[in-house]
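Asker: First, the structure itself, so that you have it in front of you.
The values are calculated or read from the model by the stated rules, or taken from the named source; none is laboratory data. It should be emphasised that the depicted structure is a prediction, and the values quoted were computed from it without experimental measurement. We place every Cβ from the backbone using ideal geometry, glycine too, and count neighbours over all the protein chains shown.
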Amino acid sequence: MPNVNNFFDRLFNLVPGYYFGILTFSIGFLNICIALVLSPNYVMWVESVSSLGQSEGGIFLRIGLILSMLFAIPFLIYLGRTLKDEEVNNDLRTSAVSTGIFSSITIILTSIFLGGNAFISSFHNLFTLLSWLGIIVFFILLNILMLNNLKASRFQILLGFTVTAICAFFLILLLVMNFCNLSAGKCHPFGRILYIMAPTIEWITTFSIFLWFLGSSSDLLYREKDKS
């Protein structure tokens, strides 16, 4: 563990940690745009994010998610360090960062395990579920952490709660949609309506997470420049 801390000490001395958050957004957003341009038959409000990954330009989406989440890991570690304070529960801070890293790794795995093969698809679905659950837990822990930390800005807190609400809404939609599709009776038509809505909500949720990286890193950059 000391060796890992020393590595990140040297890394953040060379490159301030907030730049990794900006890279997370830039790489992810740029590759999504490239994937969309190269997939003319893909329709965002009809098909899921995973469907784009299997379209003509899907390789760019997959590479973008892998690279952006690799850069997200050092940013999350840096963010955790900025929130270190005597008034903050260190176990809560460590749990928030660890959950964020877990979510980043599972998102990487969803991009790797993506294809038409049933075996690969089962792993993709598992890692997708784990990533969404991890993201929700991460933001909940982070929001609690920031509410009890004077170093956190109001912008960070507001942004965190907004993204949490969007992610929670999408996760609830998925759970209700799957329950209705599995059950017979009156709930099934409602599940079909949710199924139609799901791609749009998933894209809104995806973009909100990338915007959180941009907003949080930009806020840290602004406050760092303001000190100097």
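Asker: Restricting the search to segment 38-50, which residues are without any contact (Cβ under 8 Å) to a residue 40 or more places away in the chain and either surrounded by 13 or more Cβ atoms within 10 Å (Cβ to Cβ) or in contact with a Gly (Cβ under 7 Å, 6 or more places away or on another chain) (or both)?
Answerer: If the condition is that a residue be without any contact (Cβ under 8 Å) to a residue 40 or more places away in the chain and either surrounded by 13 or more Cβ atoms within 10 Å (Cβ to Cβ) or in contact with a Gly (Cβ under 7 Å, 6 or more places away or on another chain) (or both), then Leu38, Ser39, Tyr42 are the ones that fit.
Asker: So, Leu145, is that one part of a loop (DSSP other than H, G, I, E, B), touching a Lys or Arg at 6+ places or on another chain (Cβ under 7 Å) and either small (Gly, Ala, Ser) or surrounded by 16 or more Cβ atoms within 10 Å (Cβ to Cβ) (or both) or not?
Answerer: no
Asker: Something else now. Residues Leu114, Leu182, Leu142, Leu109: which one is in contact with a Gly (Cβ under 6 Å, 6 or more places away or on another chain) and farther than 21 Å from Asn89 by Cα?
Answerer: One residue alone meets the criteria, Leu114.
Asker: Can I ask one more? Testing Thr99 on (1) of a type outside the set (D, E, K, R); (2) at pLDDT 95 or above; (3) more than 27 Å from Tyr195 (Cα to Cα); (4) out of contact with any Gly (no Cβ under 6 Å at 6 or more places or on another chain), one condition comes back false. Which one is that?
Answerer: Single failed check for Thr99: (4).
One line per residue, one yes/no per condition, for (1) in contact with a strand residue (DSSP E or B) (Cβ under 6 Å, 6 or more places away or on another chain); (2) surrounded by fewer than 18 Cβ atoms within 10 Å (Cβ to Cβ); (3) in a helix (DSSP H, G or I); (4) without any contact (Cβ under 8 Å) to a residue 60 or more places away in the chain:
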| site | (1), (2), (3), (4) |
| --- | --- |
| Pro189 | no, yes, yes, yes |
| Arg192 | no, yes, yes, yes |
| Met197 | no, yes, yes, yes |
| Thr200 | no, yes, yes, no |
| Ile204 | no, yes, yes, yes |
| Leu211 | no, yes, yes, no |
| Ser216 | no, no, yes, no |
| Tyr222 | no, yes, yes, yes |
| Lys225 | no, yes, yes, yes |
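Asker: For the condition without any contact (Cβ under 8 Å) to a residue 40 or more places away in the chain, among the aromatic types (Phe, Trp, Tyr), in a helix (DSSP H, G or I) and surrounded by fewer than 17 Cβ atoms within 10 Å (Cβ to Cβ), what is the one hit in Phe119, Phe127, Phe155, Phe170?
Answerer: Of Phe119, Phe127, Phe155, Phe170, the one residue that is without any contact (Cβ under 8 Å) to a residue 40 or more places away in the chain, among the aromatic types (Phe, Trp, Tyr), in a helix (DSSP H, G or I) and surrounded by fewer than 17 Cβ atoms within 10 Å (Cβ to Cβ) is Phe119.
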